[in-house]
Amino acid sequence: MPSAAPFDATTLPRIPRASVSSHNTPDDLYCIIDSHVYDLSDFLDAHPGGSVVLAQIAGTDATTSFYNLHRHEVIVKYRPSLCIGLVEGETPQIIEPHAGDLSPVPYAEPLWLRPQYKSPYYKESHRALRKKLREFVEEEIRPEAQEKEADGTYISQELIDKMAGNGLLAMRLGPGKHLHVKELLGGVVKGEEFDAFHDLVVGQEIVRANARGFQDGNMAGMFISLTAVREWLGNVELKEKVTREVLSGEKKICLAISEAFAGSDVAGIQTTATPTEDGWIVNGTKKWITNGMFCDYFVVGCKTAKGLTVLLIERGEGVDTTRIKTSYSTYPVPSTSSPLPTRLTHLPSAAGTAYIQFEDVHVPHAHILGSENQGIKVILSNFNHERWGMAAMSARWARTITTECLQFASQRIVSGKPISSLPVIRAKLARMISLSEAMQAWLESITDQMCQMSYEQQSDILGGPIGLLKAFCTQSAGEIAVMAVNIFGGRGLTQGGMGKLVEQYHRTIAFDKILGGTEEVLMDLGVRQAMKKMPKAML
């Protein structure tokens, strides 16, 4: 994790290495970590791991021991208050990451971002967008994401306003007229030039905040619903009003299709829309609705006389939302003054996942998306961008976890050697790398096709391939999650410390597998679509 405030040790005194060894008592305790000298004399009682472990490394070079137990971010946090100098004649060797930097770890970046490789898909504007967006994610999004992930509160209006101001909210919808004449992220790419590969860069960079609940809480509802409004809402004045309100950050919107009665089986929806002289009366419930707790608009799938109809419903009388506790809901953190209750209770999730009840809700005629009874077309065509986006995010998460394992395998010392020296660990790493690279390659191939096709063509041709892509990505991710826990051992089961990302990933990977359509449904969709076009080609 990049340092929020880079520490400059060059102005500190130089201390002979030999003199450090004399500071080896509890009252006078020095140690060396990567050629930095630390005075831990007043830190023994404050050390989260207790004083004994510090006494064991008193007066020594503790670099190997430290990185065997801790992430680099720990030393970054404490260095300003504990570092008293540099070892005379030595230069620190540990790489200090900075906001926007590419990782030098092998396979940590997709192939197109590695200096020694080329790609036909990306231009300079894609690279400029990647750098600028990574800086924004690491400096603005990640700090809040980590805070909200821990306490379960929702995204701040301040961050939403920043993303509205720099065009990031608008970019989440993908290419389109809504981006025209906009200067995105300070002008690194023009709205008219924004293509599916820019969209891919946005999707893969924004998840680098590494907080799965907050990831969905960060306007994921908008990402999968405003696209439908833009494409299918016939009332132009209303469409532009909603678009303006949402992309300015003034209001929030989400997609409400799933029910306790109907998940992947969209045709089984039980929420009804009964026609009246001036619109519809909607009654029913929706479940597992991302961002539903804090949204102002809901894009709702309803059962009508001869099919499904999709309506835009504004929060108001008859609309009630209740929080749902999920796997990325957090637990309260115990303390000495406020211990945990006997029965563990979840705090809310940053995703704002909701159960929604619509009771006699009046919806005007102008709020229909597409045609009455033809809502299945709206729902299925809108799934493509959602599923493609989830595949993109899943591929990035898989690469992040693979990178975590590569670094841990180099740091973790067992029997005097890093565990990367063990063939069984290298075999797991090889499998993780292969899956990560395959996910990205297929993703970029599909993205290239999206660049060549209209929305209608994508709806007709790419539904099956995108379904198979998402299923492959999430199946691969599940395999990577299990291997990562095995590599990290107990640390991979611990919410904090070296394995915190691996634990989170393993605990929440099912969201990617389920949301947007389960693996089984998507694999079946892909094959069924292929079989419809099967020619009379005999063996």
The local net charge around GLU144, scoring Lys/Arg +1 and Asp/Glu -1 for residues other than GLU144 whose Cβ lies under 14 Å from its Cβ, equals -4
Using a 1.4 Å probe on the protein chains only, how many percent of the accessible area of the chain belongs to carbon and sulfur? 55
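Over 20 Å between Cα atoms: which of LYS303/LYS470; LYS77/LYS417; LYS190/LYS241; LYS286/LYS470; LYS190/LYS239; LYS123/LYS190 fall into that group?
Details: LYS303/LYS470 28 Å; LYS77/LYS417 28 Å; LYS190/LYS241 23 Å; LYS286/LYS470 24 Å; LYS190/LYS239 23 Å; LYS123/LYS190 13 Å.
Over 20 Å apart, Cα to Cα: LYS303/LYS470; LYS77/LYS417; LYS190/LYS241; LYS286/LYS470; LYS190/LYS239.
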About its Cα centre, how strong a charge dipole does the chain have in debye, to the nearest 20, once Lys and Arg get +1 and Asp and Glu get -1 at the Cβ? 1540
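By the gyration tensor of its Cα atoms, with a ≥ b ≥ c the square roots of the eigenvalues, what is the shape of region 91-170: rounded for a/c under 1.5, prolate for a/b over b/c, or oblate? Don't skip to the answer; put the middle values down first.
Details: a/c = 2.56, a/b = 1.40, b/c = 1.82.
Oblate, since a/c reaches 1.5 and b/c is not below a/b.
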Just subtract the alpha-carbon distance of ARG528 and LYS123 from 0.36 nm times their residue separation and send over the number in nm, one decimal. 142.2 nm
Between ALA441 and ASN235, what FRET efficiency follows from the Cβ-Cβ distance if R0 is 35 Å, with the result rounded to 0.05? 0.25
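Rounded to the nearest whole Å², what accessible area per residue is found for the chain with the 1.4 Å probe? Don't jump to the answer; show the numbers that get you there.
Numbers: 24370 Å² over 539 residues.
Roughly 45 Å² per residue, with all protein chains present.
Grab the Cα-Cα distance for CYS451 and LEU102, subtract it from 0.36 nm times how many residues apart they are, and report the gain in nm with one decimal.
123.0 nm
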Residues VAL74 and SER22, FRET efficiency given R0 of 30 Å [Cβ-Cβ distance, rounded to 0.05]: 0.70
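Do the sum for the chain: with -39,500 (n - 2.57) for every DSSP H run of n ≥ 4, divided by all residues, what is the mean residue ellipticity at 222 nm, to the nearest 500 deg cm²/dmol? Intermediate results must be reported in sequence, preceding the final value.
On the way: 18 runs with 234 residues, N = 539.
After summing the helix terms and dividing by residue count, I get -14000 deg cm²/dmol.
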Note to self: C-alpha centroids of region 174-207 and region 35-78 sit apart, in Å, by 44
Please check which bits of region 486-512 a label hung off PHE7 would reach, taking the label as a point 7 Å along Cα-to-C-beta and the cut-off as backbone N under 20 Å. 497-498
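DSSP beta bridges in the chain, what fraction antiparallel, as a percent rounded to 5? Walk me through the numbers on the way to the answer.
Numbers: 42 of 51 bridges.
Taking every DSSP beta bridge within the chain, about 80 percent pair in antiparallel fashion.
Could you rank the peptides 418-431, 465-478 by their average count of other C-beta atoms within 10 Å per residue, with the highest value first? Provide the component values of the computation, followed by the final result.
Values: 418-431: 14.9, 465-478: 23.9.
So the order, starting with the most tightly packed, is 465-478, 418-431.
The values are calculated or read from the model by the stated rules, or taken from the named source; none is laboratory data. As the structure is a prediction and not an experimental result, all values here were calculated from the model. Positions of Cβ are generated from backbone atoms using ideal geometry, with glycine treated the same way; all protein chains shown enter the neighbour counts. Accessible surface is based on the protein model in full, side chains and every heavy atom, while ligands, DNA and RNA are left aside. Shrake-Rupley method; radii C 1.70, N 1.55, O 1.52, S 1.80 Å.
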